[in-house]
Structures are given as C-alpha cells and as structure tokens.
1. Whether any residue in the stretch B:88-106 is closer than 27 Å to A:ALA101 by Cα and free of Cβ contacts under 8 Å to residues at least 60 places away in the same chain is what I want to check.
2. Any residue at all in the stretch A:16-26 that's modelled with pLDDT of 95 or more, within 29 Å of A:ILE126 (Cα to Cα) and assigned to a loop (DSSP other than H, G, I, E, B)?
3. All but one of (1) under 23 Å from A:VAL36 (Cα atoms); (2) under 11 Å from the mean Cα position of the chain (by Cα) hold for B:GLY70; state the number of the condition that does not hold.
4. Somewhere in the stretch B:58-74, is a residue closer than 30 Å to A:SER7 by Cβ and at pLDDT 95 or above?
5. Can you tell me which of (1) among the hydrophobic types (A, V, I, L, M, F, W, C); (2) more than 19 Å from A:GLN30 (Cβ to Cβ); (3) part of a loop (DSSP other than H, G, I, E, B) is the one B:LEU66 doesn't meet?
6. So which pairs qualify, if the first residue must be in the stretch B:22-36 and without any contact (Cβ under 8 Å) to a residue 12 or more places away in the chain and among the β-branched types (Val, Ile, Thr), the second must be open to solvent by less than 20 Å² (accessible area, probe 1.4 Å) and part of a loop (DSSP other than H, G, I, E, B), the Cβ gap must be under 8 Å, and the two must be at least 6 apart or on different chains?
7. With respect to A:ASP87, determine if the residue is facing chain B (nearest Cβ under 10 Å), open to solvent by 20 Å² or more (accessible area, probe 1.4 Å), more than 24 Å from B:ALA14 (Cα to Cα) and not in a strand (DSSP E or B).
Protein chains: 2
Amino acid sequence: MSIDPASPMGGILAAIKFDGAGLVPAIAQQHDTGEVLMMAWMNAEAVAETLRTGRVCYWSRSRQGLWRKGESSGQVQTLKSFLVDCDGDTLLLKVDQQGVACHTGHRSCFYSEAQQDGFREIAPVIVSPEDLYK
Amino acid sequence: MSIDPASPMGGILAAIKFDGAGLVPAIAQQHDTGEVLMMAWMNAEAVAETLRTGRVCYWSRSRQGLWRKGESSGQVQTLKSFLVDCDGDTLLLKVDQQGVACHTGHRSCFYSEAQQDGFREIAPVIVSPEDLYK
C-alpha cells in the first residue's frame with residue numbers, strides 16, 4: 001500500500017507519538033505468514049517516505065540517517081499495511097519481505113530462543129552475510 | 001514454558017541489552033495464530049519473573065512498577081517461547097493470550113490502520129473496558 005503523494009500526511013503523523021529523540025519503534029511482520037521479522041525505529045521522515053513510496057524506510061540510530069531497507073542487501077520490504085497501537089507509540093508494518101530480514105542471513109532477527117541454560121539458535125542461516133552484502 | 005527456578009538466569013540476562021533506563025522492548029505474539037498483540041517494556045526483574053513463572057510480567061513505565069499482565073483484567077499471557085533478536089535489544093514473546101490484550105477491549109493493540117486520510121479502526125471491541133476492569 002502507499003498513500004497518494006498529494007495527500008496530506010498530517011493526520012497520520014499527528015496520531016503517532018514520537019519519543020524524546022523523535023523516534024517510534026516499528027515492528028515488521030510478514031503479511032501472509034504472520035512471522036515477526038524485526039523491530040527497528042522510524043522518525044517522521046521515515047514514516048512519510050514509507051507511506052509515499054510503499055517501500056519500508058527506517059531511521060538508523062547507529063548511522064543517524066534514513067535506512068532504506070534493502071538498499072545494500074537487496075532484501076527490500078514492500079508495505080502491505082501500516083498500523084499504530086492504542087496509545088500511538090508503536091507501529092506494526094505488515095510487509096512482503098524479499099529474501100531475509102536479518103543482516104545475519106536469518107529470515108527473521110528473532111532466531112535465538114531462551115532455554116534452560118541460555119539462548120539457542122532455532123532457525124537456520126538462509127543466505128550467508130558475505131553473499132548478502134557483496 | 002518456564003525456566004527452572006533453580007537454574008541460573010545469568011546467561012539469559014547477560015545476552016539482553018537493556019537501554020539506558022534498564023528497559024528492553026518486548027513484542028507479544030499469539031503463539032498459534034501469529035497475531036501481534038502488543039508491545040511493552042521489561043526490566044531485568046520482569047524478564048526473570050516471566051521466565052520463572054511462565055506468566056508474562058512487564059515493567060510499567062507510567063506506574064514505574066512491575067506489571068503482571070492481567071492482574072486487574074484477568075487477561076493473562078502464558079509464555080510459550082521467549083526470543084531475543086540478533087543484536088540483543090528486542091524481545092519476542094510467543095504467548096497464549098487469555099481474552100484480549102488491549103485495555104480498550106480489542107484483541108490486539110494494533111487495531112488502527114493508515115488509510116488515505118488518517119487512521120481507521122479495522123478490528124472490533126470484543127469486551128467493553130467497563131467489563132474488563134470492573
């Protein structure tokens with residue numbers, strides 16, 4: 001989905017409560033399987049770009065810049081639905097994830113499960129990070 | 001699932017990166033349907049209690065105290081699986097949600113979807129908040 005670029009984004013942006021740093025957490029979920037892929041952050045500019053283009057763009061806290069998901073790996077996220085929670089401070093993006101979401105080459109960033117003695121990997125690497133970023 | 005209370009939690013807690021306020025965001029997902037129910041925060045004590053008891057306990061930022069999900073509404077979350085993401089700073093809890101997750105009486109907190117002119121509710125109220133907290 002995308003919002004008509006001529007449409008005012010004001011109503012949508014006003015309903016989102018950005019934190020003191022101007023950011024809001026965004027959960028990405030594969031739209032058809034329900035798999036939770038990752039959680040990242042967005043600022044108002046990333047929200048507006050995502051809605052205008054229909055391709056998910058986050059804010060990278062480490063690089064302090066817009067992070068167009070897949071721009072270096074090719075693993076883009078196409079937006080299917082954009083939701084906000086009851087108190088306006090968390091987003092849920094239903095997406096179609098091309099390839100893998102995680103920089104480690106796992107499909108989802110959530111591949112480590114707590115067991116009696118610590119976390120254990122419960123999902124395979126699908127693409128090697130070397131192939132992902134070559 | 002729950003961790004043997006006699007088991008050292010050190011390995012699990014050490015793998016989680018709590019933020020400057022000692023908190024980590026936790027996404028709750030219904031384990032069998034994949035529905036994303038809510039996002040809330042945990043501190044180390046909430047993580048340890050959740051793993052020990054198998055019942056989800058968050059940290060309430062507004063009340064500045066442990067928030068045993070369902071203690072006033074009865075809508076408890078039973079823990080099925082506890083995952084951490086690739087960089088250790090977000091949790092994914094697969095749970096069995098009793099009733100509704102949201103204080104508004106919606107099943108999920110994510111019931112408002114962005115459309116051309118703003119957010120629109122796309123899911124019904126299942127239990128009235130009056131009945132939930134009476």
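The values are calculated or read from the model by the stated rules, or taken from the named source; none is laboratory data. Computed from a predicted model, the values in this text were never measured in an experiment. With ideal geometry, Cβ positions are generated from the backbone for all residues, glycine too; neighbour counts draw on all protein chains shown. The area values use the complete protein model at the heavy-atom level, side chains included, leaving out ligands, DNA and RNA. Shrake-Rupley method; radii C 1.70, N 1.55, O 1.52, S 1.80 Å.
1. No, every residue in the stretch B:88-106 fails to be closer than 27 Å to A:ALA101 by Cα and free of Cβ contacts under 8 Å to residues at least 60 places away in the same chain.
2. no
3. (1)
4. The initial filter retains those residues of the stretch B:58-74 that are closer than 30 Å to A:SER7 by Cβ, namely none.
No, that holds for no residue.
5. (3)
6. Here the result reads B:THR33/A:GLY34, each pair linking the stretch B:22-36 to a residue that is open to solvent by less than 20 Å² (accessible area, probe 1.4 Å) and part of a loop (DSSP other than H, G, I, E, B).
7. Values: facing chain B (nearest Cβ under 10 Å): yes; open to solvent by 20 Å² or more (accessible area, probe 1.4 Å): yes; more than 24 Å from B:ALA14 (Cα to Cα): yes; not in a strand (DSSP E or B): yes.
Here the answer is yes, as A:ASP87 does meet what is asked.
Every residue, every condition in (1) facing chain B (nearest Cβ under 9 Å); (2) crowded, with 17+ Cβ neighbours inside 10 Å; (3) among the acidic types (Asp, Glu), yes or no:
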| position | (1), (2), (3) |
| --- | --- |
| A:CYS57 | no, yes, no |
| A:SER60 | no, no, no |
| A:PHE82 | yes, yes, no |
| A:GLN98 | no, no, no |
| A:ALA101 | no, yes, no |
| A:HIS106 | yes, yes, no |
| A:TYR111 | yes, yes, no |
| A:ILE126 | no, no, no |
